[in-house]
Each structure stands twice: as structure tokens, then as C-alpha cells.
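> If you scroll down you'll find the structure; I have some questions about it.
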Amino acid sequence: MKHMSKPLMGGLLAASLAAGLALPAGAALVQKTFTVNTDIDLYVADQSITPVDSKGNPTGVFVSEGTTYLPVRAMGEALGVNVAWDGSTSSVHLSENTADSKDGEYLQTYFGISPLTGTLSRESFNAALEKIGGTNKTNGSGTFTLAEAVAGAVSAAGLEELALTYTAEPDTGKAAERLAAYGVTGVSDAYAGYVAAALDSSLASSTWDFGGAVNGDTATTILMNAVEISGQGRNYLGNASDSDIYQKLQSAWASFGLFDDATLSDLGAELVIAGASTGYNLKYDGYDARFLPSYTLQYGHSDITHAVQLIALLNSEGLDAKVQLEPKTSIYEYLVEWGDPTQIESTPTYELKPIDGGRWLCYATEYDMKLEFDTVADKEAFDAIVGQYAKKWDSNTDENGNPTVPLLEGAWWQPLYTSTVPMSDKENFVHIVDNVVRNGAYTIHPFSTVDGGDAIAKVVKEKAPSLKVEPVDLYVNLAFYNYLTGADHQ
């Protein structure tokens with residue numbers, strides 16, 4: 001949500017390249033020849049692009065006299081920033097504070113705010129503001145302006161005290177100076193500090209008309225920005241396409257420490273011993289990604305190199321997604337076909353423990369990588385990619401289970417990824433249940449078939465009667481379903 005807005009000399013490039021210029025009467029025409037190279041390839045984030053104008057027609061990139069000229073609008077779109085032309089001041093404004101098409105869906109999913117459309121009244125905006133935790137309602141009179149709405153959102157974002165410093169002694173002119181720096185005019189003194197703070201915090205965009213009425217799209221944007229600034233929005237590391245996402249993944253993994261909830265850990269082990277579940281995950285709410293379910297998959301693994309390679313694989317396939325790494329302690333039954341359990345050495349993050357009947361439990365520090373894809377189609381494409389590059393099959397391994405073709409580091413026989421909403425591929429995704437048991441901010445997640453939850457509920461009732469099971473529908477990839485049911489090792 002970082003904001004940038006730079007007024008440029010309007011029409012500078014167009015004027016310098018115009019085929020004909022208006023000259024004063026009697027002025028002499030001076031002809032000058034320029035060398036122009038139009039054979040230029042353009043790459044943004046290592047991806048080749050062909051710039052187009054507002055009508056979709058290809059527009060040129062060229063070099064002349066040592067200067068490279070790029071079309072502003074096309075470059076803005078390629079970089080994901082908003083481009084606005086202000087004819088009254090002959091200025092071009094570039095701003096990263098653009099509306100996200102999913103903002104309205106997010107506000108509805110997590111805050112119950114119905115889609116905002118048309119021109120909003122003060123009352124309808126206040127109702128939405130209250131749902132995101134805003135306690136200072138807008139209370140102006142007359143026309144409900146965007147400046148007033150921004151002031152309310154600034155308070156909801158937790159920036160009220162900051163906004164007041166812009167007009168306080170001794171620097172009473174700071175608000176006016178900051179507004180001028182953004183090229184913003186027409187904001188009344190009552191709201192100047194709030195608008196200036198909103199611009200500096202990227203809650204608002206300098207391209208907006210702060211004296212005008214509040215429309216649904218802009219209201220949705222500022223409410224979502226307030227949600228994010230106040231820490232109520234998505235909790236994630238970045239996008240798969242970010243150049244620094246790999247460093248962030250490594251840093252997050254390195255920061256994870258062992259955490260435990262004794263009550264839940266004991267209960268989880270009892271579930272496995274009783275045969276009510278093949279295993280469970282212990283998780284902590286503080287890492288919850290808060291992604292939109294329709295676009296999100298949860299991918300479980302224990303190898304951070306695998307996560308890094310998987311993100312690079314997504315980029316190679318042209319798929320982008322928001323990425324969060326959630327730590328978990330995973331306890332599950334170890335199958336002897338995976339190798340002699342007595343020969344497995346313990347590490348600080350991996351240990352096997354014997355239980356009754358010659359069975360073994362595996363205790364492992366693992367992660368759930370949440371991926372919120374740009375589109376549902378991208379989410380649906382994930383299964384085929386994993387099946388080709390990140391999963392062991394009998395057909396691509398030798399008798400010892402070693403890959404005979406290149407696969408990602410740490411490829412599993414039965415990779416685990418789930419969706420909380422149904423997938424269109426009914427054949428390769430199966431409905432199961434996550435039998436969530438909560439104790440404060442900690443939860444365990446023993447999976448079961450749709451009709452297998454009764455056994456889990458029975459153990460919980462016997463071993464931890466003060467807790468309860470909260471069933472959550474999941475749609476899991478076929479390989480893990482086969483593991484869950486013991487139907488097939490792959």
C-alpha cells in the first residue's frame with residue numbers, strides 16, 4: 001500500500017515529439033534531426049511485456065539521443081500503479097494506492113459489510129466504519145465529502161493522534177505543506193491534518209477529489225486500507241512474484257520456535273493412540289493468514305527448501321499468489337513402509353516415539369504455507385503442477401523410493417494441500433473434515449473422513465470434557481486422502 005505521487009511536466013514527451021508545433025507568427029522554423037531506435041524489448045520483473053495505450057493498441061518504446069522514452073500509462077499498468085492525468089494543472093500522477101478488486105469481498109467476508117455502491121450517505125459510511133472497529137463516527141454537516149470520510153477512516157486505522165500533530169504547535173503549517181507536496185488542494189482546515197496523514201500513510205490517494213462526494217468504490221478502498229493499517233487485514237509475507245519473497249520465507253522459518261499447549265498435545269496423542277485419527281497439527285492463531293477462502297490453498301510440508309522451490313515453480317508457471325508461512329507442530333502416525341523407524345535419527349525438529357501395538361508417532365516441526373491466488377483458475381491449476389514436479393509416484397521413483405526424474409527437493413508420496421471451499425475438480429479433491437479443538441489461542445486439527453468425526457468427538461469428550469470439537473469442511477488432494485484412509489501409499 002506504499003504511495004507515490006509525482007506531478008510531471010504535462011505533455012512534455014508529447015510536445016517534444018509532436019509532428020507539428022504551434023509557433024508565434026513570423027517565427028523562424030528550425031529543423032533538427034533526431035536519431036530514434038525503436039527496436040527495444042521491455043521487461044518488467046523479468047517478464048516480457050508489450051505496452052499498449054488506453055484502447056489496447058501497441059505503443060512504442062524507443063531511445064533517442066541517449067534517453068529511453070516509455071509510455072507512462074502502459075508502464076503504470078505494468079507496475080501495478082494507478083495513472084491519472086489532471087488537465088487543469090497539466091500533471092500526471094502515479095500512485096500505488098489503487099483499488100483491489102477483492103477489497104469488497106474481503107470486507108464482506110471478514111466484517112459483514114455489504115458491497116458499497118453509488119454515492120454513499122454519511123449514515124451508511126458510519127455503519128461500515130463501525131463494523132471495522134471505528135469508534136469516532138463522521139459528524140460533519142451538509143454534503144458528506146471524501147475528506148470527511150477519510151478523517152473517519154484515519155481514526156479507525158489508529159492514526160488519530162498522528163493526524164492531530166499536522167496542525168499542532170509549533171508546526172501548524174505541516175498539513176498544508178504535505179498537501180502541497182502531493183498536489184492536493186481544496187481541503188478544509190478541519191480535515192487538512194487527517195487527509196495529509198492519510199496520504200503519508202497510503203490510506204488515501206492524491207488523485208482523489210477530497211471535496212467531492214463519496215462513492216462506493218473509493219469508500220471500499222479507504223475502509224480496506226484502514227483495516228490493513230490497524231492490523232485486521234491479511235497477515236502475509238508478500239507475493240510469490242516479489243523478488244525478496246525467498247529471503248522472507250527463510251527468515252520466517254528461522255524465527256519459528258517450538259511452541260506447545262500441553263492440554264491439546266496430550267489430547268492429540270490420545271486421538272492417534274485410540275485410532276480416532278492418523279495425526280493432528282498444533283497451531284497458534286497469531287500466524288493466521290486471514291486470506292480469502294475462494295482463492296486460497298493451504299500447503300503443508302516440513303522442508304523450507306521445498307517451499308522456496310515451490311514458489312519459484314509457481315513463477316515459472318505464470319501463477320502469482322499472496323504467501324504466508326504458518327508454523328505448526330505435527331504429530332502423526334509413522335508408517336513402517338517409509339523406512340525402519342529404529343534407524344531414524346532424532347533432530348531438534350523431528351522425533352519418532354513408539355506407542356502401543358508396535359506403532360510409532362512422529363513429532364515434527366512443520367509449516368502450512370497459505371497461498372491466496374490471483375484467480376480461482378490459478379488455484380485450480382495448482383494440483384497438476386504439484387503432481388508433475390513435487391510428488392513421488394511409482395512411475396517416477398525406484399524400488400527405494402528415490403526419484404528417477406527431477407522433482408522438487410523434499411517431494412513427498414502424499415503431499416498435503418486443502419481448500420476450505422469446494423474445488424471444481426471433484427475427482428482429485430475429496431471432502432474431509434478438520435475437527436478443530438480450541439484451547440485459547442491454540443488449536444489442534446485432527447482430520448477425518450466425513451463420517452469419521454464421531455470417533456474424535458468421543459475421545460475429546462472422554463479425555464478433555466471441557467473442550468469441544470468444531471468441524472470445518474475441507475477439500476483435500478487425492479494423494480493425502482489416500483493416506484488418511486490407508487487406501488494407497490501414493
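> Taking segment 318-408, how much of its Cα-Cα pair set, in percent, is spaced more than 14 angstrom apart?
Distances greater than 14 Å cover 75 percent of the Cα pairs.
> Using the Kirkwood formula over every pair of different C-alpha atoms, what hydrodynamic radius in Å results for segment 236-314?
One decimal place: 15.1 Å for the Kirkwood radius.
> Distance from a point 7 Å along Cα→Cβ of Val376 to each backbone N in segment 282-319: keep the residues under 11 Å and list them by number.
Output list for this probe position: 294-295.
> Please label the shape of segment 327-486 as rounded, prolate or oblate, based on the square roots a ≥ b ≥ c of the eigenvalues of the alpha-carbon gyration tensor (a/c under 1.5 means rounded; beyond that, a/b larger than b/c means prolate, else oblate).
Oblate, since a/c reaches 1.5 and b/c is not below a/b.
> Can you list the aspartates and glutamates whose alpha carbon sits under 12 Å from that of Lys137, skipping same-chain ones fewer than 8 residues off?
Glu123, Glu148
> Go through Lys174, Lys131, Lys328, Lys458 and list them by solvent-accessible area, largest first, probe radius 1.4 Å.
Ranking Lys174, Lys131, Lys328, Lys458 by accessible area, largest first, yields Lys458, Lys131, Lys174, Lys328.
> Please report, in cubic angstrom per residue, the volume enclosed by the convex hull of the alpha-carbon atoms of segment 142-188.
Dividing the Cα hull volume of segment 142-188 by its residue count gives 87 Å³.
> Moving on to the next point. Could you pull out the pairs from Lys391/Lys458; Lys248/Lys379; Lys370/Lys426 whose alpha carbons sit more than 27 Å apart here?
Too far apart for the 27 Å limit: Lys391/Lys458.
> Under the rule of at least 5 residues apart or a separate chain, name every residue whose amide H is placed under 5 Å from the amide H of Phe62.
Tyr69
> Can you tell me the Rg and Dmax of segment 411-477, counting just the alpha carbons, in angstroms?
13.5, 40
> Same structure, new question: Please report the spacing between the Cα centers of segment 147-168 and segment 311-386 in Å, no decimals.
44 Å
> Please report the orientation-averaged projected area of segment 235-391, defined via the convex hull of its C-alpha atoms, in nm².
Its average projected convex-hull area is 10.2 nm².
> Ok, one more. With each label point set 7 Å from Cα along the Cα-Cβ vector, what nm distance links Arg438 and Ala213?
Here the answer is 4.2 nm between the modelled labels.
> Now for a different question. How much length is gained on full extension from Ala487 to Ile344, taking 0.36 nm per residue of separation minus their Cα-Cα distance?
Extra length available between Ala487 and Ile344 comes to 49.0 nm.
> Would you pull out the residues with amide H under 5 Å of Leu474's amide H, same chain only if 5 or more places away, H placed 1.01 Å from N?
Under 5 Å from the amide H of Leu474: Ile432, Val433, Asp434.
> Equivalent ellipsoid semi-axes for segment 156-284, as square roots of 5 times the alpha carbon gyration tensor eigenvalues: give them largest first, rounded to whole Å.
That gives 47, 16, 16 Å for the three semi-axes.
The values are calculated or read from the model by the stated rules, or taken from the named source; none is laboratory data. What you see is a predicted model; the values in this text were computed from it and never measured. Cβ: placed from backbone, ideal geometry, glycine included. Neighbour counts: every protein chain shown. Accessible surface areas use protein heavy atoms only, side chains included; no ligands, DNA or RNA. Shrake-Rupley method; radii C 1.70, N 1.55, O 1.52, S 1.80 Å.
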